[in-house]
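S.K.: Attaching a single structure in structure tokens format; questions to follow.
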Amino acid sequence: MQEIIYSKKEKFNQILEKIKSDWPGSIHILADFDKTLTKAFSAWKKRPSLISVLRSEWYLSEEYSRKAYELYDYYNPIETDPTIDLETKKQEMTTWWNKHLDLLVASGLHRKDIQSIIDSRLIELREWVKEFLWFLSKNNIPLIIISANWLWTDSIKIYLEKEWFLTDNIKIISNEFIWDTEGNAVSYDKRVIHVFNKDETVLHEFPEIYSQIEKRKNVILLWDSLWDVGMIEWFEYDNLLKIGFLNDKEDELLEEYKKNYDMVLTWDNDAIILNKLFF
């Protein structure tokens, strides 16, 4: 059931009024893309990640798929095991991400492979996100999209360009390939971002983006993971609202989401509340 749940509604409204009183030149949005700005389900079936499609549909080669699954089978249990400490997880995820990025380059990844996956329409924005993006662009409010996926910088750019929403106020921070003139991936940016190190690698590693938001001390955080809510800790904000998208396992995770987020949107909810609250 789709619901909008507040951890402390009165406190939420107080912070919201402070943000609105200094609107809009003092605000920036920090958001994930996959399953946050985009839908997590289609016809009540989970949408696969782009990297899982690349891995399972043999876009590159049988050898790539085999090796990618071997990496997944070894490292995914480490990622999801709650008994493993965070520092160990960070080290292991850095190793996994580097190995897989190296594998993608060695397997002949081409821009057309990403384009083909985008054209398959596996990505779809949540309802009302387009209106949300339009308003941010119209009011020149920075939207910083931070994603840990192996394909995301290029896939997000390709998708938003296709939908005519890649506007100047949107900045994307993710793992990024280096392409040759023929569109082949030949290397990648060594500032590797994975699910557990966003708090360390984010904007201080991207000064050209940080300079655009460092004086915008009111922040709205949009995310779907419990791990990522700490990524704002590096930033000296005045007011912060954290909005979490709890796409499944509501019975199991709702209380933890309420502890970590000021507002929780359940079961692949649409984004109309963002427009109603802020704009």
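S.K.: Report whether or not GLU92 is among the acidic types (Asp, Glu) and part of a helix (DSSP H, G or I). Spell out the reasoning first.
M.R.: Values: among the acidic types (Asp, Glu): yes; part of a helix (DSSP H, G or I): yes.
For GLU92, the condition - among the acidic types (Asp, Glu) and part of a helix (DSSP H, G or I) - is met.
S.K.: Given the condition of a type in the set (Gly, Ala, Ser), within 29 Å of HIS194 (Cα to Cα), more than 16 Å from the chain's Cα centre (by Cα) and assigned to a loop (DSSP other than H, G, I, E, B), answer yes or no: does some residue in segment 16-25 qualify?
M.R.: Applying the first criterion (of a type in the set (Gly, Ala, Ser)) to segment 16-25 yields 21, 25.
Subsequent filtering for residues that are within 29 Å of HIS194 (Cα to Cα) retains none.
No, segment 16-25 has no match at all.
S.K.: Among the residues in segment 150-161, are any over 17 Å from ILE213 (Cα atoms), among the β-branched types (Val, Ile, Thr) and either surrounded by fewer than 16 Cβ atoms within 10 Å (Cβ to Cβ) or touching a helix residue (DSSP H, G or I) at 6+ places or on another chain (Cβ under 6 Å) (or both)? Don't jump to the end; show me each part of the working.
M.R.: In the first step, residues of segment 150-161 are kept if they are over 17 Å from ILE213 (Cα atoms); the result is 150-161.
Checking which are among the β-branched types (Val, Ile, Thr) leaves us with 153, 156, 158.
Right, trim to either surrounded by fewer than 16 Cβ atoms within 10 Å (Cβ to Cβ) or touching a helix residue (DSSP H, G or I) at 6+ places or on another chain (Cβ under 6 Å) (or both) and you get 158.
Scanning segment 150-161 turns up at least one residue that is over 17 Å from ILE213 (Cα atoms), among the β-branched types (Val, Ile, Thr) and either surrounded by fewer than 16 Cβ atoms within 10 Å (Cβ to Cβ) or touching a helix residue (DSSP H, G or I) at 6+ places or on another chain (Cβ under 6 Å) (or both).
S.K.: Against the conditions (1) under 24 Å from LEU203 (Cβ atoms); (2) among the aliphatic types (A, V, I, L, M); (3) more than 22 Å from the chain's Cα centre (by Cα), where does LEU37 fall short? Just the number, please.
M.R.: All conditions are met except number (3).
S.K.: Also, I was wondering about something else. May I ask you to verify whether GLU127 is surrounded by fewer than 15 Cβ atoms within 10 Å (Cβ to Cβ), part of a helix (DSSP H, G or I) and more than 14 Å from the chain's Cα centre (by Cα)?
M.R.: Values: surrounded by fewer than 15 Cβ atoms within 10 Å (Cβ to Cβ): yes; part of a helix (DSSP H, G or I): no; more than 14 Å from the chain's Cα centre (by Cα): yes.
Taking the combined requirement at face value, the residue does not satisfy it.
S.K.: Then there's this: For residues that are touching a strand residue (DSSP E or B) at 6+ places or on another chain (Cβ under 7 Å) and buried (at least 21 other Cβ atoms within 10 Å of the Cβ), scanning just segment 203-220, find the one that is farthest from ILE78 (Cα to Cα).
M.R.: Top of the filtered list is ASN218.
S.K.: Further question: Looking at THR95, THR88, THR83, which is the one that is surrounded by fewer than 13 Cβ atoms within 10 Å (Cβ to Cβ) and touching a helix residue (DSSP H, G or I) at 6+ places or on another chain (Cβ under 9 Å)? Steps first, please.
M.R.: Values: THR95 fails: surrounded by fewer than 13 Cβ atoms within 10 Å (Cβ to Cβ); THR83 fails: touching a helix residue (DSSP H, G or I) at 6+ places or on another chain (Cβ under 9 Å).
Result: THR88 is the single residue among THR95, THR88, THR83 that is surrounded by fewer than 13 Cβ atoms within 10 Å (Cβ to Cβ) and touching a helix residue (DSSP H, G or I) at 6+ places or on another chain (Cβ under 9 Å).
Only the coordinates and a few stated rules stand behind these numbers; no lab work does. All values reported here derive from a predicted model rather than from experimental measurement. We place every Cβ from the backbone using ideal geometry, glycine too, and count neighbours over all the protein chains shown.
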